[in-house]
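S.K.: Have a look at the structure that comes next, please.
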């Protein structure tokens, strides 16, 4: 029996079609990644409590994967790049973990570059990272921030570093015979930001700050087909436009050339933004993946989440990430033939009517459907009497649901054992007869950004979240996002699309005739008609958007597509912009 037929049969009988979701294998994932983020402790004195995950360094080791993240009191392990388990480290580990860690696979060991906030770095190694036990090397390197350790195929080793709005990315070769001891000579200065030419390197939300200089940080080296791709982040981790760019060279120490397509990892629009300061790893089936940081500045600027995007090198050697529909469901890294591709499930819940059991003034349930990660619902208590309901306004097929919790006055700091979220989600066609879609009633998992792919699609109109337990003093939810397909028509092709470049060639204004029935638009652009590798998601129907991220000397091509809960339009005609 096909899944759709079976789900309709279950719905007609009024039976539960959900399972204990923690036991299900999912063929999709959705950003931000659902890992048990650590509560930060370095703002405890100010009573600012928040979870965060940033600056991920992901490495492959013996066919499995390890992810090291800023100040998380440990690290994560995965066999598939989708499901991650936290490992609490044992010996020789800096208590919090370091800022912007680096890691590398070398001669049947995992190397980890760690340090304290002063910038003093040491290198740890282990041949059994699952154990949590590490050995220390005698070498300590001082004065490095945001390090990256790269080991080339010939055994030579290099360290890259930099986190400054003044100093460039630097590098040095390490002694081949005395590993991790610098070679004689001064560090090599590689490159710095050039914001007067590269618009995306300008500081501020939407690159609008004209006073402060942007930060260059987080280098990461990837070698592919004999070329060296040195990635870097800019302009600031707290902004929607935080991104990773790349310079390319023929040697580990350069010289490096700015790639024509930049930035390579960029997600300035949509529910949650940012795609900077990351790492690139070769995953299952030899597919590259780029992991990065997303901005969630609710409680403070450094509140962040993790994301991953499929990454490619085209026939011309251009490195690029696919961030189109970057926070919608995508095929998981283990799905043959479709790794990382957009699944085609649309957002059914955008600005749909809501109601709830209770709310604190100023934080009502409307915040769960507005696709703004900075707004949120707070219930008057966190017990099992609390619920929130979404009316999709017409029947639709639901395939997946994401619940994004928010920390509101949590007063929690560091790692806590045995945190867990418990809830159920029900669906109904008439608002009276309900079936269970998601059952987390017996979950023992900590799931702050829970994403659940339903085993069987369900045709429903109403969605109800029923709280059972949250580990925080308040029940606060930023978004309940419902994905699937509506039963109406996808939007028509966008007409009258124009691209007008300003006298400041870093800036461009896009205009178009709003499409009836569209939720929003994806603006796509690139350096050639067949290289539209960048995208910016815009919700609403204003028909105008300003971008300040172009390179002054580069020709571009632009197109736009409209989308709604029923699908995506045909791409508009291309606009060539000199």
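S.K.: Between residue 135 and residue 301, what is the label-to-label distance in nm when each label sits 7 Å out along the Cα-to-Cβ direction?
M.R.: 4.2 nm
S.K.: What fraction of the Cα pairs in segment 495-577, stated in percent, has a spacing above 22 angstrom? Don't jump to the answer; show the numbers that get you there.
M.R.: Details: 676 of 3403 pairs.
Pairs farther apart than 22 Å: 20 percent.
S.K.: 222 nm [θ] for the chain, helices only, -39500 (n - 2.57) per DSSP H run of 4+, per residue, to 500?
M.R.: Numbers: 1 runs with 11 residues, N = 578.
Helices in the chain give a 222 nm mean residue ellipticity of -500 deg cm²/dmol.
S.K.: While we're looking at this one, here's another question. If I stretch the segment between residue 194 and residue 574 completely, what's the gain in nm (0.36 nm per residue apart, minus their alpha carbon distance), one decimal?
M.R.: Values: separation 380, 0.36 × 380 = 136.80 nm, distance 2.86 nm.
Extra length from residue 194 to residue 574 when fully extended: 133.9 nm.
S.K.: Treat the count of other C-beta atoms within 10 Å as a stand-in for reagent exposure and order 207, 104 from fewest to most.
M.R.: Numbers: 207 25, 104 20.
In increasing order of surrounding Cβ atoms, one gets 104, 207.
S.K.: What list do you get for 286, 570 if you sort them by fewest beta carbons within 10 Å? Intermediate values should be presented prior to the final figure.
M.R.: Numbers: 286 7, 570 11.
Fewest-to-most Cβ neighbours within 10 Å comes out as 286, 570.
S.K.: Rg and Dmax of the chain, Cα atoms, in Å?
M.R.: For the chain, the Cα radius of gyration and maximum Cα-Cα distance read 23.6, 76 Å.
S.K.: Right, here's the next one. Determine, for 472, 432, 137, the number of other Cβ atoms within 10 Å of each Cβ, and report the residues in order from fewest to most. Each step should come with its number before you reach the end.
M.R.: On the way: 472 21, 432 7, 137 15.
Least crowded to most crowded, the residues run 432, 137, 472.
S.K.: Find how much the distance from residue 409 to residue 210 grows on full extension, using 0.36 nm per residue of separation minus their present alpha carbon separation; answer in nm with one decimal.
M.R.: Here the segment from residue 409 to residue 210 would lengthen by 68.3 nm.
S.K.: Then there's this: Name the shape class, rounded, prolate or oblate, that the alpha-carbon gyration tensor gives for segment 31-327, where a ≥ b ≥ c are the square roots of its eigenvalues, rounded holds for a/c under 1.5, and otherwise prolate holds if a/b is larger than b/c and oblate otherwise.
M.R.: Rounded, since a/c falls under 1.5.
S.K.: Would you mind calculating the relative contact order of the chain from Cα pairs under 8 angstrom and at least 6 residues apart, reporting the percent as a whole number? Intermediate results must be reported in sequence, preceding the final value.
M.R.: On the way: 1658 pairs, mean separation 81.8, N = 578.
Relative contact order here is 14 percent.
S.K.: How tilted is helix 3-13 with respect to the longest principal axis of the chain? Cα atoms for both, answer in degrees (0 to 90, nearest 10).
M.R.: So the helix axis and the longest Cα principal axis differ by about 40 degrees.
Rule-based calculations on the coordinates, nothing more; no lab input. It should be emphasised that the depicted structure is a prediction, and the values quoted were computed from it without experimental measurement. Positions of Cβ are generated from backbone atoms using ideal geometry, with glycine treated the same way; all protein chains shown enter the neighbour counts.
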